[in-house]
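Structure, as structure tokens:
The values are calculated or read from the model by the stated rules, or taken from the named source; none is laboratory data. These figures come from a predicted structure and were not determined experimentally. Here the Cβ is made from the backbone with ideal geometry for all residues, glycine too, and neighbour counts use every protein chain on show.
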Amino acid sequence: MTVRHLPVLVREVTTLLSPQESGTYIDATVGLGGHSEEILKMIGQNGRVVGIDRDAEALKITSEKLRDNRLLLKQGRFSEIEDLLRSEGIREADGILFDLGVSMMHLKEPSRGFSFHSDARLDMRMDRTQEFSAWDVIRTYPEKDLIRILKEYGEEYRAVRIARAIVNYRSTKSVDTCSELADIISRAIARRGKTHPATKTFQALRIEVNREMEELREGLTASLKILKKGGRLCVISYHSLEDRIVKNFIRDNAKYGVLRALVKKPLSPDIREIRENPSSRSAKLRGAERL
Ligand SMILES: C[S@@+](CC[C@H](N)C(=O)[O-])C[C@H]1O[C@@H](n2cnc3c(N)ncnc32)[C@H](O)[C@@H]1O
């Protein structure tokens, strides 16, 4: 599969990371390698980039695309960043980038079961070796837990109606495909504006399946153990739940003299970038320096 992929806020990320000749940079969400490629252009022969991703398919595409002996690719979750680096004898880094969420490949490949237009089985696992999928959530979660994740991770105020509709449907037939779930939701609640009524539910499921909020908290904490003094942390988030965690993490660590925020307000794509890459529109970049 070929996916046209444009990395988000590249100029801003490289300005904040400020890659040095012989620096070690961790791309904790290497995906299809867009940001890593730019960092590789800026470092010298003695520099290196470690690209981490939990998705083996993304790593395969990136290893074929970016053939560079300064790039080391590792499969795993970024919450395990210390172990992943230790296994390569790396103990510290000059910069770490987290570009959160799913990649275009996940959204555009119907068989991955992320998109509500797809007739594929509900899935949404970023790591396909993981057993637990969106199908399990919809099949097994009690109504109250469906309501909880829809409210918490989808910020969906119509959670009760949606959860009830799912529970009613599954009492006679299992909810198997993405489009089946999207139809159940479309029948339960009215469309508001241009956004598909299932958007927030799908976001909530994806976050639950991949434990995205826990991963983010653990990944940020682990990054502090690896960053050298003067090293830079950059995080791109795509929704308010993620951005809140990042904002509070930087603020709290700044209070204790562990980090210094590099920007007061998060950086966002300009009109030109949004026009060229509409999926960048919700991106927010925050950066901090390790003190
Ligand atoms: C927005 S994409 C990154 C795109 C990348 N910056 C590029 O330019 O191609 C996010 C990537 O992070 C990966 N990912 C998300 N959560 C992860 C986690 N907890 N650990 C490791 N990888 C993760 C996803 O599989 C996905 O490939």
Test: Leu6 is in contact (Cβ under 8 Å) with a residue 60 or more places away in the chain and in a helix (DSSP H, G or I): no
Residues that are touching a strand residue (DSSP E or B) at 6+ places or on another chain (Cβ under 9 Å), of a type in the set (Val, Ile, Thr), at pLDDT 95 or above and buried (at least 21 other Cβ atoms within 10 Å of the Cβ): does the stretch 133-140 have at least one? no
Out of Gly44, Gly23, which single residue is surrounded by fewer than 17 Cβ atoms within 10 Å (Cβ to Cβ) and more than 9 Å from the ligand (Cβ to nearest atom)? Gly44
If you check Lys225 against the conditions, is it in contact with a strand residue (DSSP E or B) (Cβ under 7 Å, 6 or more places away or on another chain), surrounded by fewer than 23 Cβ atoms within 10 Å (Cβ to Cβ), of a type outside the set (Asp, Glu) and more than 29 Å from Ala163 (Cα to Cα)? no
Given (1) away from the ligand (no atom under 13 Å from the Cβ); (2) out of contact with any strand residue (DSSP E or B) (no Cβ under 7 Å at 6 or more places or on another chain); (3) part of a helix (DSSP H, G or I), where does Phe116 come up short, assuming only one miss? (3)
Testing Asp123 on (1) in contact with a Lys or Arg (Cβ under 8 Å, 6 or more places away or on another chain); (2) charged (D, E, K, R); (3) in a helix (DSSP H, G or I), one condition comes back false. Which one is that? (3)
Of the numbered conditions (1) within 24 Å of Gln203 (Cβ to Cβ); (2) crowded, with 19+ Cβ neighbours inside 10 Å; (3) not basic (Lys, Arg), Asp127 satisfies every one except a single condition; which is it? (2)
Subset of the stretch 90-104, residues more than 7 Å from the ligand (Cβ to nearest atom) and either surrounded by fewer than 16 Cβ atoms within 10 Å (Cβ to Cβ) or under 15 Å from Leu59 (Cα atoms) (or both), comes to Arg91, Glu92, Met104
Would you please name the residue that is nearest to the ligand (Cβ to nearest atom), looking only at residues in the stretch 72-83 that are among the aliphatic types (A, V, I, L, M) and surrounded by fewer than 21 Cβ atoms within 10 Å (Cβ to Cβ)? Leu73
Mind telling me which of the residues Arg211, Arg232, Arg191 ends up being surrounded by fewer than 17 Cβ atoms within 10 Å (Cβ to Cβ) and modelled with pLDDT of 95 or more? Arg211
